[in-house]
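> One structure, as structure tokens, below. Some questions next.
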Amino acid sequence: MSEPRLRDDLSALEGYHSAQVDVEVRLNTNESPFTMPPGFAAALEARIGAIELNRYPDRSASALRSRLAGLHGVSPSEIFVANGSNEVLQSILLAFGGPGRSALVFEPTYALHSHIARVTGTDVLVAERGPDFALIASEVAAAVADAAPDVVFLCSPNNPTGGVDDLEVVEAAIEASAGLVVVDEAYGQFAAHSALDLRRQPGLEQLVVVRTFSKTWALAGARVGYLVAHPAVVSGCEVVALPYHLSALTQAAGEVALDFSDEMERKVGLLIEQRGRVEAALRELDVDVWPSSANFILFRPRRREGHQVWQDLVERSVLVRDCSSWDRLDGCLRVTIGTEEENQRFIEAVREVVGK
Ligand SMILES: *Cc1c(COP(=O)(O)O)cnc(C)c1O
């Protein structure tokens, strides 16, 4: 028998990987370093114990959607929930992208935006970020007008560079676009403002804000993500979602997590404080540092090769993300903010490795 033949347009794509090396300090995937509070496990157990797993789950996840709607002061018809924000992004592209349509990304940015676009048969159009990876409203407007995409992706704070987009950048994209403007806010709670602030204005039917429980909520393992958008966007996503795509267990995890909002906000506060400490320490070393509004920091050793520095950190049992060979990020590394102890280990290791 001959080998199974992959779709022609997928043959050049690779799956998404992040190197996992066995180390003591893991600061490479932007997860929260905290587990959920002890009360969470007990509450979740009680909820799960009451679920009738012989029955299909609530297909429209109405309880979880109502809770999220309450959190953002919108109607449940403006919320779509899926298995992590990556599935939210995939649903948007299946419904509003696809063959004959296009998505615009501003590189360097989260690799999954263009990857998922390609997997869904959506053409990927690329524009460049300005100096220091920032987006400038007039340039964004020009790029959007020029590309005329069906979907524009913004990522704020941007992974892996850390900067947050000014609201006027989002507004410029919306004004120039006839299609959707998706703002991926996986790190939104670490930043001082959100594109959700814009939704209070009328006439913003094109704005889609995507959020996740993976980073700020310390629930990467539970796979819960959602979007806030016009009901027409939500119904589009419901057309392409598989029936019962969100298990009863996932819905329960999301609902119970929302009972611990105060705890989540306290931890975000701690991480923001730690981010300041790590940034200050990096600024004393022989590295370029980009200001971050997320739970990670991008930096570039000035006199040593990025990959070599990454390797030397691994030898000190500290794992960061090696972006040094990525397009436009020559020599760069990205460190996730961890607990105070983990950050201290990172700071000491990087100080030894790059010098002052
Ligand atoms: C981590 C991350 C996500 C999260 O994806 P989930 O599927 O929700 O775990 C989404 N967008 C960006 C930019 C990220 O960095």
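Read the figures in this text as sums done on the coordinates, not as results from a lab. Here the structure is a predicted model, which means the values were calculated and not measured. Here the Cβ positions follow ideal geometry from the backbone for every residue, glycine too, while neighbour counts run over all protein chains shown.
> Averaging sequence separations of C-alpha pairs under 8 Å and six or more residues apart, then dividing by the length of the chain, give the relative contact order as a whole percent.
Answer for the chain is 22 percent.
> From the residues 142, 81, 222, which one has its Cα farthest along the dipole of the chain in the positive direction, the dipole being from +1 and -1 charges on Cβ of Lys/Arg and Asp/Glu about the Cα centre?
Of the options given, the answer is 222.
> If you don't mind, another one. Going through region 35-65, which trypsin sites (Lys or Arg not before Pro) have at most 13 other Cβ atoms within 10 Å and a DSSP loop state?
The qualifying sites are 55, 59.
> Here's a follow-up. Size of the dipole of region 264-322 about the Cα centre, Lys and Arg at +1 and Asp and Glu at -1 on the beta carbon, nothing else charged, in debye to 20?
120 debye
> Another question, then. DSSP loop chymotrypsin sites (Phe, Trp or Tyr not before Pro) in region 1-101 with at most 11 other Cβ atoms within 10 Å of their Cβ, which ones?
16
> With charges only on Cβ, +1 for K and R and -1 for D and E, what is the dipole size of the chain about its Cα centre, in debye, rounded to 20?
On the way: 32 positive and 50 negative charges, 95 e Å.
Approximately 460 debye in magnitude.
> Could you pull out the longest piece of the chain with no exposed loop GluC sites (Glu not before Pro) in it, calling a site exposed if DSSP puts it outside H, G, I, E, B and it has at most 16 other Cβ atoms within 10 Å? The partial results should precede the final answer.
Values: sites that count: 14, 24, 52, 205, 284, 305.
By the stated rule (loop sites, at most 16 other Cβ atoms within 10 Å), 53-204.
> While we're looking at this one, here's another question. Among residues other than residue 189 whose Cβ falls under 11 Å from its Cβ, what is the net charge (Lys/Arg +1, Asp/Glu -1)?
Around residue 189, the charge tally is +1.
> In addition: Can you sort 290, 310 by how many other beta carbons sit within 10 Å, fewest first?
With the sparsest Cβ surroundings first, the list reads 290, 310.
> When the dipole is taken about the Cα centre of region 220-356, and only Lys, Arg (+1) and Asp, Glu (-1) are charged at their Cβ, what size is it in debye, to the nearest 20? Provide the component values of the computation, followed by the final result.
Working: 17 positive and 22 negative charges, 89 e Å.
I would put it at about 420 debye.
> With an 8 Å cut-off on Cα pairs and a minimum separation of 6 or more residues, tell me the relative contact order of region 38-182 in percent. Please list the in-between numbers first.
Working: 190 pairs, mean separation 26.7, N = 145.
Relative contact order, region 38-182: 18 percent.
> Please list the non-local residues whose amide H lies under 5 Å from the amide H of residue 159, H modeled 1.01 Å from N, same-chain partners needing a gap of 5 or more.
Close amide H contacts, sequence-distant or interchain: 110.
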